[in-house]
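Student: The structure under discussion is supplied below as structure tokens; questions concerning it will follow.
The values are calculated or read from the model by the stated rules, or taken from the named source; none is laboratory data. None of the values given here were measured: they were computed from a predicted structure. Positions of Cβ are backbone-derived with ideal geometry, glycine not excepted, and every protein chain shown enters the neighbour counts.
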Amino acid sequence: MRRHGKLWEKITSKENIALAYEKAKRHKSKYRAIQKFEQDRENNLEKVRQSLINKTFTTAKYNEKKVYEPKERTIYVLPFSPDRIVLQLEELQRVVSA
């Protein structure tokens with residue numbers, strides 16, 4: 001397996017966090033959480049970035065949602081910010097390190 005140097009700096013760069021945000025919000029711009037995040041986008045993205053750099057990021061509590069088709073099931077959903085943005089960063093990291 002090949003070693004990649006300074007990968008953490010690449011992942012936590014402002015450009016990558018902005019790209020991860022764009023990927024996370026794709027086709028979801030009508031959601032209230034995304035509209036609220038957009039009101040102070042740069043500051044919110046910087047908060048996500050700083051939580052990763054300072055290693056203070058923790059996964060938020062899952063929201064539960066009931067689905068009734070074809071039978072009743074409970075779906076667990078992560079909140080949009082910062083969890084889905086960080087999830088997209090993980091996807092970008094796999095592409096960068098491949």
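Student: From Lys55, Lys10, which residue is of a type in the set (D, E, K, R), modelled with pLDDT of 90 or more and under 15 Å from Leu89 (Cβ atoms)? Reasoning before the result, please.
Tutor: Working: Lys10 fails: modelled with pLDDT of 90 or more.
Exactly one of Lys55, Lys10 is of a type in the set (D, E, K, R), modelled with pLDDT of 90 or more and under 15 Å from Leu89 (Cβ atoms), namely Lys55.
Student: Something else: Every residue in segment 14-42 that is surrounded by 11 or more Cβ atoms within 10 Å (Cβ to Cβ), without any contact (Cβ under 8 Å) to a residue 24 or more places away in the chain and either assigned to a loop (DSSP other than H, G, I, E, B) or of a type in the set (Phe, Trp, Tyr) (or both), please.
Tutor: Residue satisfying the conditions is Asp40 alone.
Student: Report whether or not Val48 is among the β-branched types (Val, Ile, Thr), under 28 Å from Leu7 (Cβ atoms) and in contact (Cβ under 8 Å) with a residue 40 or more places away in the chain. Break it down into steps so the answer makes sense when it comes.
Tutor: Working: among the β-branched types (Val, Ile, Thr): yes; under 28 Å from Leu7 (Cβ atoms): yes; in contact (Cβ under 8 Å) with a residue 40 or more places away in the chain: no.
Answer is no for this residue.
Student: Just a yes or no: is a residue in segment 62-77 within 16 Å of Gln88 (Cα to Cα), in contact with an Asp or Glu (Cβ under 9 Å, 6 or more places away or on another chain) and surrounded by 12 or more Cβ atoms within 10 Å (Cβ to Cβ)?
Tutor: Of the residues in segment 62-77, the ones within 16 Å of Gln88 (Cα to Cα) are 77.
Narrowing the set further to residues that are in contact with an Asp or Glu (Cβ under 9 Å, 6 or more places away or on another chain) leaves 77.
The next check asks that each one be surrounded by 12 or more Cβ atoms within 10 Å (Cβ to Cβ); those that pass are none.
Within segment 62-77, not a single residue is within 16 Å of Gln88 (Cα to Cα), in contact with an Asp or Glu (Cβ under 9 Å, 6 or more places away or on another chain) and surrounded by 12 or more Cβ atoms within 10 Å (Cβ to Cβ).
Student: Quick one: would you say Lys36 is within 17 Å of Leu87 (Cβ to Cβ) and either modelled with pLDDT under 90 or out of contact with any strand residue (DSSP E or B) (no Cβ under 9 Å at 6 or more places or on another chain) (or both)? Spell out how you get there, then give the answer.
Tutor: Working: within 17 Å of Leu87 (Cβ to Cβ): no; either modelled with pLDDT under 90 or out of contact with any strand residue (DSSP E or B) (no Cβ under 9 Å at 6 or more places or on another chain) (or both): yes.
Considered against the rule, which asks whether it is within 17 Å of Leu87 (Cβ to Cβ) and either modelled with pLDDT under 90 or out of contact with any strand residue (DSSP E or B) (no Cβ under 9 Å at 6 or more places or on another chain) (or both), Lys36 comes out as no.
Student: In segment 54-76, what residues are aromatic (Phe, Trp, Tyr) and in a loop (DSSP other than H, G, I, E, B)? If you could, list the steps in order and put the result at the bottom.
Tutor: Keep residues of segment 54-76 that are aromatic (Phe, Trp, Tyr), which gives 57, 62, 68, 76.
If the condition is that a residue be aromatic (Phe, Trp, Tyr) and in a loop (DSSP other than H, G, I, E, B), then Phe57, Tyr62, Tyr68 are the ones that fit.
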